[in-house]
1. Which value, in Å³ per residue, describes the convex hull spanned by the Cα atoms of the stretch A:89-162?
2. List every DSSP H helix in chain B whose Cα atoms extend 15 Å or more along the helix's own long axis and whose mean Kyte-Doolittle hydropathy is at least -0.5.
3. What percentages, rounded to whole numbers, describe P(r) for the stretch B:150-266 computed over all alpha carbon pairs with 5 Å bin width beginning at zero?
4. Share of the protein assembly as shown's accessible area from carbon and sulfur, percent, 1.4 Å?
5. Within 10 Å of each Cβ in A:141-153, how many Cβ atoms from other chains are there, averaged over the peptide?
6. Convex hull over the alpha-carbon atoms of chain C: what's its volume per residue in Å³?
7. Among residues other than B:L174 whose Cβ falls under 11 Å from its Cβ, what is the net charge (Lys/Arg +1, Asp/Glu -1)?
8. Using r as the Cβ-Cβ distance of B:S65 and B:D683, and R0 as 30 Å, what FRET efficiency do you calculate, to the nearest 0.05?
Amino acid sequence: MSNKVLVTATINDEERSFVCEPRQSLLEVLRDVLHLTGAKEGCNNGNCGACAVIMNGVLVNSCLVLGVEANGAAITTIEGITPKEGLHPLQQKFLEDAALQCGICTPGFIVAAKALLDKNPNPTEQEVRYWLAGNLCRCTGYDKIVRAVLDAAATLRAEKQAA
Amino acid sequence: MTPVIKKTEAKTNGKPFKVIGQRVIRPDGVDKVTGRAQYGADVILPGLLYGKVLRSPHAHARILSIDTSAAEKLPGVKAVITGKDLKPAEDKVAKSGESSVNYSYLSQNVLAQDKVLYHGHPVAAVAATSIHIAEEALALIKVEYEVLPPVLNVLDAMKDDAPILLPNLRTKELGEVVSDKPTNIASHEQHARGDLAVGFAEADVIVEREFHTNTVHQGYIEPQNGTALWNADGQITVWTSTQGAWDQRRDLSEILHVPLSQIRVIPMEIGGGFGGKFPVYLEPLAALLSLKSGHRPVKMWMQRDEVLKATGPTSASVIRVKMGARKDGKITAAQAWLAYEAGAFPGSPVGAGMGVIFAPYKLDNVQIDGYDVVVNKPAAKAYRAPGGTNAAFAGETVIDELAEKLGMDPITFRRINAAKEGDRRADGPIYGRIGFIETLDAIEKHPHYHAPLPEPRAPYMKVGRGVACGFWYNWDGKSSASAVVNPDGTVSYLEGSTDIGGTRASLAMMLAETLGIHYEDVKPMVGDTQTVGYNDGTGGSRTTYGSGMAAYHLGKEIIREMKQRAAVLWEVPADDINVEGDVYSYGEKRITFKELCAKLDETGGPMSVSVSLDTKGAIPALATHVVDVEVDTETGKVNILRYTAAQDVGRAIHPSYVEGQIHGGVAQGIGWALNEEYYYDKDGHLMNASLLDYRMPTALDLPMIEAVIVEVPNPNHPFGVKGVGEVPIVPPAAAIANAIYRATGVRMTVLPMNPKNVLQALGKI
Amino acid sequence: MQAFSYVSARTLSEAADILAREGDQAKCLSGGTDLIVFLREGRRSAKVVVDVKGIPELNQLGYSPKEGLTIGAAVPLHRIYNDAHVIEHYPGLIDAATLIGGIAIQGRATLGGNVCTASPAGDSIPILIAYETTCIVASRNVTKAIPLEKFFVGPGRTVLQPGELLVALKLPPPKPNSGAAYLRFIPRNEMDIAVTSAGAMVVLDEDKRRFVGARLALGAVAPTPLFVPEAGAALTGQPVSDEAIEAAARAAQAAARPITDMRGSAEQRKHLSYVMTKRALLRAIERARGG
Ligand SMILES: Cc1cc2nc3c(=O)[nH]c(=O)nc-3n(C[C@H](O)[C@H](O)[C@H](O)COP(=O)(O)OP(=O)(O)OC[C@H]3O[C@@H](n4cnc5c(N)ncnc54)[C@H](O)[C@@H]3O)c2cc1C
Ligand code: FES
Ligand code: FES
């Protein structure tokens, strides 16, 4: 009695088709069907941000999106944020600033921070904290995460100016 | 990518370290920022089944019957298990992480036998071809319960007529069973020295208070998970996020009645633990389901409500403290009574709390009594400095009040009584080279301590500054490691400590330091129970100490072997070869480590070494924290304005990760202090089992946290390491309570100090 | 989660047909931040999930000085708080829209969903009531307008009948010299559900010295979001003064009939009804005076 649906979406700039049940979340589809396990499940009800992805330019929690809703959408996951060469400045700064301990929250934070910096290249500390309030980290107390995001913003601004 | 190395600001006490103290990039970092790192729930195997657990809807009930027939018939269901499938484990106790474990209880906690003891207690499990089918199958399992009255707090549970959880439990009174009366009190222990009556008689001021603290959870972001394959040859492989792969192997062996040698535990990357990921929960069920489904691998992971309902929180407690001091500031007597909730099975961290409560101070007359009490809540498990935060909340609040009554600065008062090397703790041991006074000095000298408090933002806002100190034992323990020296001059380094927060980097740094080579030339990897020697778990603040010691000895072994190779090369006695950094020399002859590696083939062939140690010599960590708060006296809400934590770390191997541990511990302490708590209804249902209603701090709830690293090296460790991870969670609740007092004039004696409790204390509701 | 089928409706009538056919076993999916959680936890059941985000009427967001603001039920919050008209004319709505969930929730969550979930703590509702919002409800045959304060019948329950859906919310144009604000009390600073909240709209006279009118609604202190006309009455005609504000806050407190649950106690909520009303009014007055 399976009622699987064929879905086609652009995931990390690649067109992907998959079949899923309507009750499967986008998070489940990414992880179990497409084996993109970078998005993490921390709560499965929108409270932790570990599953964050960017959908049509908007930050969302993939555990609160149905896989079928992705039909025709463009989705960027942590896997898609990594450039062809080297690392994204956010990734680089998270490493340099030791902004991760266990690292389970890291993909969600980097995706969320990317969505922030895409909109606001020069956020204040308070703006970073507000934007990231939907992402829980239990290891770091956020101190080094906030610094890494501010550092990455500075790098991106400098790169842009140089270009 | 070329790793960036930042210069450290940490002091090295004049010792010229090459690698230690640098802020290097962690070796597992790239995988973790790109989403490639494989955590427990990321395991994907051919033929994988998905497992789910059916949990008790009641806090206390007898299981009358379980009917699984309908679930078994559902298409896609491959196996269903209940308590009947789990042969009871032996009633014996072993050490597990920082606490101990009784296998009989552990087994009953994994899957209930005849009784359920808390809301969320597992009663059955299913494996199916999809997670949704498994879930549908759970709904088809019929369980008949006889509901029993629950007991939901420690004082009720200690009453003579309280409902009894475990019919066979008898109180261990100072180590002996003296009565055959069924009880919920698992044990009473005591530390005593001197004469309390004399001490209190000598006191000019006496303060006595009772404190109540609520259940809180470790709150790691990664839920428990486990994937198991019980193969046709009887070999069991388990992939899981665990703090202690070897502990798990032993627990699985006892619960499943399978020899150790048939079990391999592969620790995956782990998304936080804080003590809560030592025990097994899902792994034995996944193994049984694998066996029953015809040897297919079974993956299980918890939903967040299951994590909160059924995995180790830490104890709620009631603590009474009485202390007296003379006008000159000397504490003359100290007495404490601690009762901790163990949850469903004995094993609260009350013993640790008893040790923590007065540990920073030198006391002549002291008595500490502790009770471990079962209640209908999930079995308490270790949580960062287990039992320490609530104990220090009580002890350090009373200390603050004594200082205030004596008109003394809280740091001065503490310095007068501060424990030093050679002093004896209330629980027996004599202190080695601790750095408590150095942390008091650090805070006293810090600009934060002298900065004027900010102006309140509204007439109803009050601001205040509080201080508190904390102690944690630190653990040493057993560690093994092995290494392969490669012809290109690098060292492949296999260690066995689960890396929860960057320890791979610190351990590799210590190995590199020992060998005098570059950090990047050490390639660390975490092994499993089959590939590297025994390791105690990652907990007890032991990894950088114990496994660091193993890294050092591994390095020394490599050097010994390398000298042999140089000896072969130059045809001279190995003992006469000099080693200075990475340079091996004999007279005029010199060769670097890297050059020598290139000659391994011609000097004896491949090289690998391994060490296994039972390390000793850990020295406790002490810390002093200062916090500024703003209290909204109309709503009861407390905001943290500024936080500074000074801690004696022995030696900061990787200062960033030391700061990170301090930040994280403080953040958890703030959460515990302000908003985190389990909220049960009167029938024992956990009502706030989500991360929306179990309120852990968000980025908007915390300021930057200043970590002040104090280094008083541990003479027992080659690099001076003491252990860092746990003590930072100990002082925050007390420091915040003391700050709230300074702001409002009201002493808080309950945790959490949430808006409701603060409003109540202020007499507003 | 139970199995269901999924339809992405393209027109209002397509959605209305399915809703009429399937009755209460059809559920509208807007941002899904409530519905998906409810279905997963078994708190709601559905055979068909009707995605309403593709229906043009539910996606409109428009303002005119004469008609006021029309917000389609499926417009996500991030669109609302980035809209220049809303920012200029309805700052109280910005208060609410920017504090529901976190950024990722706001990327999906809608006012239609917030209203239809009918939580007593739903953050958009008190301020929408204060703004005199009307709900536009459609079924296969009929379209009707319902004042928002009449929309709720109990926790999680609205006047919507099977076959009906919420199309849009209509807010009248702001009156001259008016100001509005929404404040909620939560123990954390974000990602929390209101323990108690207050939405206030005040209209002042030309001198901005006297209340010409006022509307106040409270959240999380009754089985439904609570419109408190007594508070407005306590202000109307009075000079802007501490006494008048105090009287309104006491009226709000008297109207509150909260319960104790995991998020707060009845006594705490009763007390907060007073505090939040006072603070929301002060902020609304400040805005009316151009602050
Ligand atoms: C982490 C998290 C934090 C949250 N924080 C807050 C908060 O701070 N404040 C707050 O108020 N809420 C909060 N919520 C709840 C939720 O996000 C809001 O209620 C949101 O506005 C719901 O909108 P939605 O579009 O996602 O609704 P949906 O989930 O799509 O729908 C909600 C309900 O309304 C019905 N429905 C939707 N559209 C229509 C329609 N057009 N006609 C008829 N019925 C319809 C659905 O069938 C469903 O029953 C939070 C939720 C999460 C997961
Ligand atoms: S897993 Fe999606 S928000 Fe937590
Ligand atoms: S690094 Fe562990 S949760 Fe953030």
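1. Each residue corresponds to 72 Å³ of Cα convex hull volume.
2. Result, helices passing both filters: B:388-405, B:503-515, B:548-570, B:655-674, B:732-744.
3. For the stretch B:150-266, the pair-distance distribution reads 2, 8, 11, 9, 9, 12, 15, 13, 9, 5, 4, 2, 1, 1, 0.
4. Accessible surface attributable to carbon and sulfur in the protein assembly as shown totals 51 percent.
5. Taking all residues of A:141-153 together, the mean is 5.
6. Hull volume normalised by residue count: 118 Å³.
7. Counting the neighbours of B:L174, the net charge comes to -3.
8. 0.85
The values are calculated or read from the model by the stated rules, or taken from the named source; none is laboratory data. Keep in mind it's a predicted model, so treat the numbers as computed, not measured. Every residue, glycine as well, gets a Cβ built from its backbone with ideal geometry; the counts of neighbours run over all protein chains shown. We work out accessible area using only protein heavy atoms, side chains counted, and drop any ligands, DNA or RNA first. Shrake-Rupley method; radii C 1.70, N 1.55, O 1.52, S 1.80 Å.
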